[in-house]
Every structure is written in structure tokens, then in C-alpha cells.
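Report on one structure; see the data block that follows.
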Amino acid sequence: MGYLITAMREHKEKIILLTMGLFMFLAPFSVSGIYQKLTVVPSSVLVTFFTSGVLFLLFIIHLKEWKKLHPLNLEQKAFLSGLYIPGVIAILAAFYNLSVMLSIHYVNYMTQAMPNRIINLILFFMLFYLFFKFISFLNDKILITISKWYLYGVMVITVIGIWQFFHFMFGYPMIDLNTRSFVHSVDSNVLFNFRLTSITDEPSYLVPFLIDALIIGLLIYTSKKKYFLQVFLPCLFVLIFSFSVSGYANLALLIGFLILIFLTTKIENKKKILKYSLFALIPIALILIIQWDFVLKLLEPITGRFNTLFDIHRHSRLYMLVMPLFWLFDFSWVNSVFGFGPGSYWFLAKTKFLHHQGPLSVTSNNIFIDLLFEHGILGFLAITIVFIFIAYRLFKVRNEHKYFLYSLILWIHLAITSTYRSDFVSPRFWAVVIIIFIFIELGKREKGMRSLSLKK
């Protein structure tokens, strides 16, 4: 036992690299039903438990060196506080709600869904907190490598997505992934009667990872030619043929933000970037002019859904976004202010129905709506303030180093994806948050900024 403790103390950097690398690499697979069903307990939970468990063991071994461990910075404290303090209060409120509501479904929620949500939140808290306590022991190369492993995981599912395209188009053999790769909510015939999902359960699960890779890869790849060929083209190809409305909207919003950043930020070779960007738009413009009918036919899986997209009676996701604003006030003011408890959207799925009387999902697919119902108005305000606060802090220092700039872009992208993929208790959300704070740490190191926050 003593030898094991000594070995872990001496090789903690390698241990952290291997465990965090494993977590990062497998994070993109967490939205695959095939992957999750490999074990009795969902596979992603086991990986998170293993990673946080190893970090906790290292933490216990280094208790005597407590003062040497890295303190969390202001942004990290704000992030954890905004998510967890309302969550703890919501747990207390849930016990009060139980005495008021007297609902068997709420009892089932508190004995089934709430414990699962609390366990997940604790595991992710441990992983995040302990990793950044040890970050001062990790050199720049290790931190970059940990970020790369997330990129590698995304590229694996991207390759599977490309193979899926060849399967649908040319009949290349492929196992049945049992995903939502069919086109739905479209009345007319479409040019491509499929949507790429790779191994994820549906396209909207896939596209956040693809855009993650586009941003992270641009910073990590030193050769922009390799980035263009190995990351940009494959990810953009799969994203286009995912025909995900949310993915297209995500990309459009992010491009709009990038234009704002481009106009307000000191960027090297700005004129050169602008020139090449304009050149790249020329062939796109020509295709739109010459082959407009083809483009419309290509995008029919997207445009054909516009008729139902904003109709609350025909669009289930919109219904699940809007109705919790009313259901929040069903019982007492305690529910409204402090919420129904962590994971309580599960309770809605058991007691409320869609407009066509079908069952609700266990999430609204929007972190702000989920937390509004689960953590109340307090939780909604807290998470909104956190997103705005960290974006503001990063925007202030975006000119000081490229790491800060990419952290800002990735943070805004996370905010956008959180409006259609409420995955704040999934590996992807925490992997991206960790990468953002890794980039912030690298930026501080290169700028020599040793203060606890980005800027006083």
C-alpha cells in the first residue's frame, strides 16, 4: 500500500493525464445509446466516477501539501457557485414541496430521479474542483494533450458520420446504429432522405461536438493546412448533412459573434484573414446564384420544417420550452423561487403531456428552462448571470492573448448549445468548460498573469 501511495505521488502528472485523457476522449460518446448500454450503469457515469475517484485519491495523498495546491480563480468559483448553490437550496425546497404537493409522482421523483441527478452533480463537481486544484503540477504540454484527447474523440465520431454518409448514398456496409437518421416534419420529397447522426442518438446531439472541434482544433493545430483537411472539412461536411436546424442556427449565431469579435479585436494578419474570407465566399455566392434550385432542394430537410418550427401546438420542443414557464407556478411560491428540485423535469414527464397527449421528455433541451423549473427563479438568474459574467470577463482580456480569445469564443458557443442541448450533467458540458479554463490558465502562464482572476 505504501509503495502504491509513493508511486501515485511521484507519477501524479501521468496519472492525471491518463485519467483526464480517458474522460475527454470518451465524452463525445456519452450521447450514444449504444455506448451507454455497454454496462449496467450508464458507461459515461462509470468513466466520470473512475476519473473523479482517481483525482480524489490523489487529493487525499496530497492533503499535507494543501497550501501548494492551486486555488480556484474568481471565474471558476462563480461558475460552481451559480450552478451548485441554487441546486442545494432546491434540494431543501424539494422536501418542503413534498409536504405541500402530496403527489405519488413527486415521491417517485425524489426517490429515483433526484438521487441520480445529485450523484451526477457531485461527481462532476469533484472532477472539476480536484482537477483545477492540481493544475499547477501540470505543465503546458500536458494541459494541451488533455484538450487534444477531446478533439480526438470528436474526430472518431466524425469519421463514423462520414462512413454513415457513404452507407446511405452508396450502400457501404454498416451496422444498424438505431439512431434518428430519418427526415421528419417535412411534407415534400427531399433530395437526401437521411440525416447524419454518427453514433449519437440524433443530429442535435452530434452538432455541438462538431462545432467544438472546429473551435478547439483551430487553436491547437499549428499547421492550418492540416487543420483544414483533418478537422474543418470533415466536421463541416458531417454538420451540413446532419440537417440539424439547431446545428445550422448554432453555426449562424456563432459566425455572427465571430464577425463582431473580428471587428472589435486586435488580430494578427486581420487584412489577410479578411481577404481570404472574401475569396472563400465567392464560390459559395456563385453556387447560390447558379444552382439556387439545387440549394433549396438540398436544404429541404431544414426549410421544410419551418412551417411547424414556431407552432407550439405542432412543435414538441417549443411546447416543452414554453409550458414550464407556467407550470413553475402550479403550487407554492417556494416552487417558483427555489424550484422543484434537481432533475425534477422528470416529474413533469410523468405528470404533463404534449399537445397531442404524448409524453414529455425528461428535459426541455434548454439549460435555462431546465434550471428555471428545477432550481427556480433563483437558479435561472444565477446561471444566466454566470454566463454573462464570464463572457464579460473574457471579452475584456480578449486582446491580451489568443488563449483568452478562444476561451471567449468557446464560452459563447457553450451558451448557444445550452439553449438546445441541456447537457449540464453530461461529460460534454464539463469537458468543454474544463477546456475553456485550461485555455485561460495557459493564457495566464504565457502572459505571466498570476492573479486569481483574469483582471482585477
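The values are calculated or read from the model by the stated rules, or taken from the named source; none is laboratory data. Predicted model, so just to flag it, every value in this text is computed and none were measured. Counting neighbours? That spans all protein chains shown, and the Cβs are built from the backbone with ideal geometry, glycine included. All accessible areas refer to the heavy atoms of the entire protein, side chains included, with ligands and DNA or RNA removed. Shrake-Rupley method; radii C 1.70, N 1.55, O 1.52, S 1.80 Å.
Arranged from highest to lowest average of other beta-carbon atoms within 10 Å per residue, in what order do the peptides 383-394, 149-160, 42-53 appear?
Those peptides, ordered most packed to least, come out 149-160, 42-53, 383-394.
When the accessible area of the chain is split by element with a 1.4 Å probe, what percent falls to carbon and sulfur? That share works out to 70 percent.
Of the cross-linked pairs LYS12/LYS37; LYS275/LYS444; LYS77/LYS272; LYS270/LYS447, those separated by over 29 Å at the C-alpha level are LYS12/LYS37; LYS275/LYS444; LYS77/LYS272.
Put simply, when 23-32, 234-243 are sorted by average Cβ atoms within 10 angstrom per residue, most first, you get 23-32, 234-243.
One Cα centroid belongs to the range 258-273, the other to the range 193-254; the line between them spans 22 Å. The alpha-carbon atoms of the range 82-126 define a convex hull whose volume equals 61 cubic angstrom per residue. Residues whose amide H falls under 5 Å from that of ASP330, counting only those 5 or more places apart or on a different chain, are absent, with hydrogens built in the peptide plane. Solvent-accessible surface (1.4 Å probe) assigned to MET126 amounts to roughly 50 Å².
Can you give the log10 of the normalised intensity I(q)/I(0) at q = 0.09, 0.12 Å⁻¹, computed with Debye over equal Cα scatterers of the chain? One equal scatterer on each Cα of the chain leads to -0.64, -1.16. Per-residue ellipticity at 222 nm computed for the chain from its helices equals -22000 deg cm²/dmol, with DSSP H segments shorter than 4 residues left out and the rest contributing -39,500 (n - 2.57).
Sparsely packed loop sites in the range 196-272 (the trypsin sites (Lys or Arg not before Pro) outside DSSP H, G, I, E and B with at most 16 other Cβ atoms within 10 Å) comprise LYS266. Among the chymotrypsin sites (Phe, Trp or Tyr not before Pro) in the range 79-141, none sits in a DSSP loop with a Cβ that has at most 16 other Cβ atoms within 10 Å. Here the label points at PHE279 and ILE60, each 7 Å from Cα along the C-beta direction, are separated by 5.9 nm in the simple model.
Over 19 Å, how big is the tail of the calculated P(r) for the range 1-156, in percent of all Cα pairs?
64
Each Cα pair of the range 215-265 feeds into the Kirkwood radius, which the Stokes-Einstein equation turns, at 4 °C and 1.567 mPa s, into a diffusion coefficient of 106 µm²/s. For the listed peptides 250-257, 431-438, a ranking on the average number of other beta carbons within 10 Å per residue, highest first, reads 431-438, 250-257.
Distances between every pair of Cα atoms in the range 387-439, grouped in 10 Å steps from 0 to the bin holding the largest one, split as 26, 55, 18, 1 percent. Couplings for the range 263-277, taken from phi via the Karplus curve 6.51 cos²θ - 1.76 cosθ + 1.60 with θ = phi - 60°, read 6, 10, 10, 7, 10, 5, 6, 4, 5, 5, 5, 4, 4, 5, 5 Hz in order; Gly and Pro are left as x. Give the residues of the range 224-261 whose amide nitrogen is closer than 12 Å to a point set 7 Å from the Cα of LYS272 in the direction of its Cβ. Residues passing the 12 Å test: 224. Computed from the C-beta positions of LEU233 and LEU102, the FRET efficiency with R₀ = 60 Å rounds to 0.55.
From Cα pairs below 8 angstrom and at least 6 apart in sequence, can you work out the relative contact order of the chain, rounded to a whole percent?
22
Counting every C-alpha pair in the range 338-456, the share spaced more than 23 angstrom apart comes to 41%. Tell me, what is the per residue accessible area of the chain in Å², probe radius 1.4 Å? So the chain comes to 48 Å² accessible per residue, rounded to a whole number. For a test of the definition: using alpha carbon positions, the gyration tensor, and the 1.5 limit on a/c, classify the range 76-223 as rounded, prolate or oblate. Oblate, because a/c is 1.5 or more while a/b does not exceed b/c.
For the range 34-39, the Karplus equation 6.51 cos²θ - 1.76 cosθ + 1.60, evaluated at θ = phi - 60°, returns couplings of 4, 5, 5, 8, 5, 10 Hz by residue, with Gly and Pro reported as x. Here's the picture: a label point sits 7 Å out from the Cα of ILE144 along the beta-carbon direction, and within the range 391-423 the residues with their amide nitrogen under 20 Å of it are 400-410.
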